[in-house]
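Report on the following structure.
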Amino acid sequence: MNYTLQFGVVFRQLPYLLGGALITLELAFIIFWGGALIGLLGAVGKTFGGPKTRRLVNVYVAFFTNTPAFVQVYFLFNGLPDAGILLSPFSAAVIGLTVNSGAYLTEIQRAGFASVRRTELDAAEALGMNLGQSVRYVILPHIMRTIYPPLANFFIWILLGTSMAALIGVEELTGRAVNISASTLRSIEVFIVVAGIYIVLTLIATAVLYVVGRIFFRVRMRVL
Amino acid sequence: MQSLLNQIPSFFTYYNVMLLLWGIGSTVLLTAAGCGAGFVFGALIVLVRITKTIWLLPIKIVVITYVEFFRRIPFLVILYLVLFAAHAVDPTLSLFGVAVVSVCLLATAYLSEIIRAAIESVQRPQIEAADSMNFGFWRTIYEVVLPQAWKVLLPPATAFVIMFIKDTSLASQIGVIELMFTGKILANRSFSGLLVYSVILICYFVLSYPLSRLAAWMERRLAAPTGTESQRILRTSAGFAGYQSYG
C-alpha cells in the first residue's frame, strides 16, 4: 500500500462541489414537498376513501415501497423511451423519487391521521369548537407531534437518496464527485470530501429541523 | 408497444431466466451477508454504548462517531469510497467483496440504531428493579431486557432488511452482478428497457413484498398491546426504519 492522499486538487474544486450540494438540496426540497402532496392525497384516500380508493392506495404504496427507488428512476430514464416518452435526467430523477417518496409519506401521514382519536374530536365538539378551531387546536397539534420526527428523518433520507440521481446523469453532489474523480483520478480524496459534505449537510438539516420542531410543534426529537 | 410484445417469447428463454435467478440469488446473498454482519456488530456497538464503565469511553466515542457518520453518507458514496480504498489497499479484492464490505459498514450503523431503540424501549424501572435484585449486567440483559426488546426489535429490523434488498441495487453501479446488474446486461442485449426493467421491478417486488407482510404481521402479533395504531404504521410500513430516531 503506497498511496498518498492529496487533498489539494480536490479542495481547489470545492466551489464546484458545493454548487453540487446546492443542487442536491434543491432536488431534496422538490422531492420532499411533491412527495408530501402525493402522500397527503394518499393518506386522505386511505383513511376516508371507499374500499376501491383504499385498495388503489394500498397497491401504490406496496409497489413503490417494495421496489428500489433506483430501479424506478432507471425505469423512467431508460425504459420509458421505448414507449416514446423521453425525460431529461433531472426530470426523471425528480419524478421517480417524488412518486417513490410519496408512497412512504402516505404511510407517515396516515399514521398522523391515526393518532387523532375519535373521543378527542367529540371533546372538541362538546367544547363548542367549530371545524376550523378543532383542526387548529386539536387535530393539527396531534398530527404534527406524531409525524414531525419521521418527516424530519424522511427529509434526511431523501437528501441522501438524491445521490442516486447521479447515476442517470444529474450533476448533483455525487455526480460532480464522479466528474472530479474522473478528471483528477484522486478518487478516494474526492469521495472522502463528498462524504464530509453530506455529513455536514445532514447535520445542518437535523439541527434546523430540531429547532423548527421545538419552536413550532413542541416536538422533542432525539438527536443522538 | 407491439415490438415489446414480440420480444417477450425471446426474453424468457432458459438462459435469461437463469441469469435473473442468479441475480436474485446474488442480491439475497448480499443482503443476508450485510444484515447478518450488521446484527452481530450492531449488537456489539449497542453493548458498548449502554455500558456505564468509564474505561470504555474512548471506544464509545469512536463507535458513536461511526454510527452517526455512516448514517449520514449515501450508500452510493460509501460504495465508491470502499471501491477506491480497496483498490489502494488490496487490488485483488473482488467487486462482490467490495459490495459486501460496504453493505456491512452501512448495515452495522443502521441496525445498531434499531437495536438500541428496541433496548431503550424497555422501561427504566424494569432495569432498576433488576439492579435492586442484584442482577449482573449480563443477567439483566439476558433475563430482563432481551425478552421485552425483541418484540420491539423484529418489525423495524424486518423493514430494514427490505430497505437493504432495495439498496443493494446500487451495487450494480460498480459492477457487482446482482439483480439490477442482470437487468442492465439484458438491456444491453437489445431487449427493450421497458420490458427488462419491468421484470426487474417485479423481481424486487416478489423478493420484498412477503417480508413487508411479515413485518406488518409481526407488529400486529407482538407489539399490539402496547403500541398505538400510528406507532404501528410508522414502525413497519416505511422500510426506512433505521432512519427513525424515535424510540
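The values are calculated or read from the model by the stated rules, or taken from the named source; none is laboratory data. All of these numbers come straight from a predicted model, not from anything done at the bench. Cβ coordinates were reconstructed from backbone atoms using ideal geometry, including for glycine residues, and neighbour counts include every protein chain displayed.
The residues of the stretch B:199-227 that are out of contact with any helix residue (DSSP H, G or I) (no Cβ under 9 Å at 6 or more places or on another chain) and at pLDDT 90 or above, listed by number, are B:I202, B:P210.
Within the stretch A:47-65, restricting attention to residues that are at pLDDT below 90 and of a type outside the set (A, V, I, L, M, F, W, C), the residue that is surrounded by the fewest Cβ atoms within 10 Å (Cβ to Cβ) is A:G50.
In the list B:A43, B:A33, which residue meets the criterion of being under 25 Å from A:G161 (Cα atoms) and away from chain A (no Cβ under 13 Å)?
Working: B:A43 fails: under 25 Å from A:G161 (Cα atoms).
Matching residue, one of B:A43, B:A33: B:A33.
Exactly one of these conditions fails for B:P91: (1) loosely packed, with under 12 Cβ neighbours inside 10 Å; (2) away from chain A (no Cβ under 14 Å). Give me its number. Unmet for B:P91, out of (1) loosely packed, with under 12 Cβ neighbours inside 10 Å; (2) away from chain A (no Cβ under 14 Å): (2).
Within the stretch A:144-164, the set of residues being more than 9 Å from every other protein chain (Cβ to nearest Cβ) and in contact with a Ser or Thr (Cβ under 8 Å, 6 or more places away or on another chain) comprises A:R145, A:I158.
Is it fair to say A:F90 is part of a helix (DSSP H, G or I), under 24 Å from B:F164 (Cα atoms) and of a type in the set (A, V, I, L, M, F, W, C)? In short, no. Residues that are assigned to a loop (DSSP other than H, G, I, E, B), under 30 Å from B:S102 (Cα atoms) and of a type in the set (A, V, I, L, M) do occur in the stretch B:166-179.
Anything in the stretch B:12-23 that is touching a residue at least 60 places away in the same chain (Cβ under 8 Å) and away from chain A (no Cβ under 13 Å)? List them, or say none. Even if it seems obvious, please write down each step before you answer.
Of the stretch B:12-23, the ones touching a residue at least 60 places away in the same chain (Cβ under 8 Å) are B:16, B:19-20, B:22-23.
Selection gives B:N16, B:L19, B:L20, B:W22.
Among the residues of the stretch B:140-157, at least one is within 21 Å of the chain's Cα centre (by Cα) and within 14 Å of chain A (Cβ to nearest Cβ).
Listed here are the residues, each with its yes/no results for (1) of a type outside the set (S, T, Y); (2) more than 22 Å from the chain's Cα centre (by Cα); (3) surrounded by fewer than 18 Cβ atoms within 10 Å (Cβ to Cβ); (4) in a helix (DSSP H, G or I).
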{"position": "A:D122", "(1), (2), (3), (4)": "yes, yes, yes, yes"}
{"position": "A:W157", "(1), (2), (3), (4)": "yes, no, no, yes"}
{"position": "A:G161", "(1), (2), (3), (4)": "yes, no, no, yes"}
{"position": "A:Y198", "(1), (2), (3), (4)": "no, no, no, yes"}
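Here the condition is being in contact with a Gly (Cβ under 8 Å, 6 or more places away or on another chain) and under 23 Å from B:V196 (Cα atoms); of A:A43, A:A69, it holds for A:A69 alone.
Does the stretch B:96-104 include one or more residues that are touching a helix residue (DSSP H, G or I) at 6+ places or on another chain (Cβ under 6 Å), assigned to a helix (DSSP H, G or I) and polar (S, T, N, Q)? Write out each step before concluding.
Taking the stretch B:96-104 first, the residues touching a helix residue (DSSP H, G or I) at 6+ places or on another chain (Cβ under 6 Å) are B:98-104.
Still in the list and also assigned to a helix (DSSP H, G or I): B:98-104.
Filter again for polar (S, T, N, Q), leaving B:102.
Checked the stretch B:96-104: at least one residue is touching a helix residue (DSSP H, G or I) at 6+ places or on another chain (Cβ under 6 Å), assigned to a helix (DSSP H, G or I) and polar (S, T, N, Q).
Among the residues making up the stretch A:45-75, those that are more than 20 Å from B:S208 (Cβ to Cβ) and touching a residue at least 12 places away in the same chain (Cβ under 8 Å) are A:G45, A:K46, A:T47. A:T67 meets each of the listed conditions (1) more than 18 Å from the chain's Cα centre (by Cα); (2) not in a helix (DSSP H, G or I) apart from (1).
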